[in-house]
Amino acid sequence: MPEPCPSAVPTPGDAVPPGTAAPRGEPHPPHCAAPAEIAELWHLPDLRPGRPTRPGACLRVLHLGDVRVWVLVCPRTGFARTARLIHRRDPQAFHMLHMRRGSTSLAIGRRETRVEAGQLVMVDSSSPYRGRFDDPAGVHSFVVIQCPRALLRLPPHIVQRVHAVPVSLRTGTGGVLARWLTDITARADEFTPTDGPLLAEITTNLLASVLGGAADTMADRDPPGSRQALRTQIRQFIRCHLTDPSLTPDNIAAAHRLSRRTLYSLFEEDGRTMAAWIRHERLERCRRDLIDPRLAGRAIHTIAAHWCFPDKAHFSRTFRSAYGVSPHDFRRRATLHESTTDVHAGTTTAA
């Protein structure tokens, strides 16, 4: 499973500063420069063989089924995921870069960001990107994780929010992920191929949790005005779909590119849960239909079912709890009131 460079693999905290010679009897780090798998991942012009003035990257590789984990140490150098590399081989995956030491710049199209030590950033293998490990100290230690999109199981709106945005791995679940990556890469020689699926599952679950949590945090920091506008937009969407039995928090969240946690928090800011708000809106539609003279011939259970209350007993209890009277009595009283109004109106007219 693990595939280390011959006798030149650094431990997670080690580094090979520029100009440092290899220990006597051991191969020089350039022998590890741009191995086949990294050459498929990135174009590394400064680490090509034949450039002895620039020490290369030391590498350790973990094959966890379809998930790959690379541990690297390198000097200042550029890297690029080029269109040519994508055309040659695209794994349809996410690339996660976790900086342990040093920092790097990263550019995707016109968008530029900076990834500092203790941060992780996610990019798509199908999109060209470029960067440069350019920390002034000249030492960079980092982990690259390649995870197929299907395995990460992140909704598209989460991916869009966290794509190319640095995420801290210093606290909380992020700290757990950082320690996990340190542990599995340090213990790479102890694993067997049968350990791969379990290690991959734990790794992808931690990644999904960290990135999903980061997306929620970003949403919580949106300006109040934008949150109010979003809440109004969501309510309008729900009102247009009140008769749809498949209206669920997951569907609503996906339609607005939000996580469920963010969706719930938007409603809770008004002191009412989303479920309670939807139930109230549906009950109001039922109440209006029950007093509509044009629907006087329509059965109560038909009206209730239309607004997604298919169970008669449940609807009756819910309606009574909200309005203090059963649907039948409510309709009867409304009908009597309407009839009395008509009589008085007719008498007044006759007089």
Next on the checklist: I'm trying to understand the selection: among the residues of the stretch 100-147, which are in contact with a helix residue (DSSP H, G or I) (Cβ under 8 Å, 6 or more places away or on another chain) and on the phi > 0 side of the Ramachandran plot?
Outcome noted: 118
Checklist entry - Given 231, 170, which one is at pLDDT 90 or above and either of a type outside the set (Asp, Glu) or touching a Cys at 6+ places or on another chain (Cβ under 8 Å) (or both)? => result 170
Checklist entry - Any residue at all in the stretch 330-338 that is of a type outside the set (A, V, I, L, M, F, W, C) and at pLDDT 90 or above? => result yes
Checklist entry - Of (1) in contact (Cβ under 8 Å) with a residue 60 or more places away in the chain; (2) closer than 27 Å to residue 39 by Cα, residue 201 satisfies all except one. Which? => result (1)
Checklist outcome for this item: Of the residues in the stretch 167-194 that are in contact with a helix residue (DSSP H, G or I) (Cβ under 9 Å, 6 or more places away or on another chain) and either of a type in the set (Val, Ile, Thr) or not in a helix (DSSP H, G or I) (or both), the one that is surrounded by the fewest Cβ atoms within 10 Å (Cβ to Cβ) is 170
Checklist entry - In this structure, is residue 130 touching a residue at least 40 places away in the same chain (Cβ under 8 Å), closer than 19 Å to residue 86 by Cβ and in a strand (DSSP E or B)? => result yes
Checklist outcome for this item: Taking the stretch 82-99 and keeping only residues that are of a type outside the set (A, V, I, L, M, F, W, C), over 12 Å from residue 147 (Cβ atoms), out of contact with any helix residue (DSSP H, G or I) (no Cβ under 6 Å at 6 or more places or on another chain) and surrounded by fewer than 22 Cβ atoms within 10 Å (Cβ to Cβ), one is left with 82, 84, 87, 88, 90
Next on the checklist: Filter the stretch 238-248 down to the residues that are surrounded by fewer than 16 Cβ atoms within 10 Å (Cβ to Cβ), assigned to a helix (DSSP H, G or I) and touching a helix residue (DSSP H, G or I) at 6+ places or on another chain (Cβ under 8 Å) and list them by number.
Outcome noted: 239
Checklist outcome for this item: Taking first residues from the stretch 101-115 that are in the same structural domain as residue 82 (by TED's automatic domain parsing) and second residues anywhere that are aliphatic (A, V, I, L, M) and surrounded by fewer than 18 Cβ atoms within 10 Å (Cβ to Cβ), the pairs with Cβ under 8 Å that are 6 or more apart or on different chains are 101/117; 102/117; 102/137; 103/117; 113/107; 113/165
Checklist entry - So, in the stretch 166-223, of the ones that are out of contact with any Gly (no Cβ under 6 Å at 6 or more places or on another chain) and among the basic types (Lys, Arg), which residue ends up nearest to residue 65 (Cα to Cα)? => result 187
Next on the checklist: If I ask for residues that are in contact with a Ser or Thr (Cβ under 9 Å, 6 or more places away or on another chain) and part of a helix (DSSP H, G or I), which ones from the stretch 276-294 would you list?
Outcome noted: 279, 282, 283, 285, 293
Next on the checklist: The conditions are (1) modelled with pLDDT under 90; (2) part of a helix (DSSP H, G or I); (3) crowded, with 18+ Cβ neighbours inside 10 Å, and residue 199 fails exactly one of them. Which is it?
Outcome noted: (1)
Checklist entry - With the stretch 57-121 as the region, which strands (runs of 3 or more DSSP E) entirely inside it contain at least 3 residues that are under 22 Å from the mean Cα position of the chain (by Cα)? => result 67-74, 93-101, 104-108, 111-115
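The values are calculated or read from the model by the stated rules, or taken from the named source; none is laboratory data. This one's a predicted model, so the numbers in the text were calculated from it and none came from an experiment. Methodologically, a virtual Cβ is constructed for each residue, glycine included, from the backbone with ideal geometry; neighbour enumeration extends over all protein chains shown.
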